[in-house]
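Report on one structure; see the data block that follows.
The values are calculated or read from the model by the stated rules, or taken from the named source; none is laboratory data. None of these values were measured; they are calculated from a predicted model. Glycine gets a Cβ as well: all are built from the backbone with ideal geometry, and neighbour counts include every protein chain shown. Note: areas computed on protein heavy atoms with side chains; ligands, DNA, RNA excluded. Shrake-Rupley method; radii C 1.70, N 1.55, O 1.52, S 1.80 Å.
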Amino acid sequence: MTTPHRGRGDPGARRLAVLSLLTLSALMLSAGDALAHNVTEGDVGYIQEIWGVNIIPFMYPGAKHMVTGYDHILFLLGVVFFLYRMKNVGIYVSLFAIGHSTTMLLGVWFGWGINAYVIDAIIGLSVVYKALDNLGAYQRWFGFQPNTKAATLIFGFFHGTSLATKILDYEIGSNGLLLNLLAFNLGVELGQLMALAVILFVMGFWRKSPNLFRQAYTASVIMMSMGFILMGYQITGIFVAA
């Protein structure tokens with residue numbers, strides 16, 4: 001996989017990086033659990049009240065969860081950042097979708113539950129991992145490149161487990177549960193496609209920039225910092241909730 005230029009970039013890019021990091025940090029700290037792999041209280045109340053098979057009502061929060069989850073968007077951005085062929089984009093996004101769907105469906109169906117703060121801290125770690133991968137850190141530090149496809153699938157499992165853990169807390173009715181979960185998952189995948197379309201559209205213009213690789217270095221550092229912030233927020237939650 002292609003890695004970005006390792007230069008420090010121009011002063012303007014560094015100032016932009018600092019401003020972007022501060023802005024995104026403020027958004028993350030103020031948003032808290034409302035945006036990270038969660039379903040809003042209004043949606044929760046609605047899906048708890050309905051009974052039986054409800055395809056569209058479950059598709060909507062699934063799609064909404066995907067397009068508003070900054071942790072998921074950050075990881076997805078990192079995955080496709082240096083993928084120039086649509087075939088490769090399709091392969092990696094499919095691996096992530098398989099992992100995400102598998103643990104979300106099985107986790108809810110069989111009642112698997114993990115501490116939400118712990119699993120979301122791991123998701124923050126996935127963002128850090130992918131940012132370091134894009135920076136070529138593992139080759140420099142350890143002299144080898146981890147299997148990027150396997151990593152995408154494995155972290156997809158964790159992302160799905162996070163959502164399953166939260167859905168279990170909402171105690172959705174058992175009548176029509178399987179079809180409702182499939183509808184929710186379909187919404188998640190549709191939301192992922194919408195987010196991916198926006199990412200690829202923006203990346204298409206960005207890749208025309210003559211300073212792409214210097215800017216890509218800055219973007220990867222910002223992404224890594226956001227992952228650390230997310231991890232710190234969730235780890236703090238573990239001790240506060242104890």
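ILE119 meets all of the listed conditions (1) open to solvent by less than 20 Å² (accessible area, probe 1.4 Å); (2) in contact with a Gly (Cβ under 9 Å, 6 or more places away or on another chain) but one, namely (2).
Scanning region 170-187 for residues that are modelled with pLDDT under 90 and either β-branched (Val, Ile, Thr) or open to solvent by 60 Å² or more (accessible area, probe 1.4 Å) (or both) yields GLU171, ILE172, SER174, ASN175, LEU178, LEU179. Within region 149-161, the only residue that satisfies the criterion of being in contact (Cβ under 8 Å) with a residue 60 or more places away in the chain and open to solvent by 20 Å² or more (accessible area, probe 1.4 Å) is PHE155.
Considering the conditions (1) open to solvent by less than 30 Å² (accessible area, probe 1.4 Å); (2) modelled with pLDDT of 85 or more; (3) among the β-branched types (Val, Ile, Thr); (4) closer than 26 Å to TYR117 by Cα, ILE167 is excluded by exactly one of them, (2).
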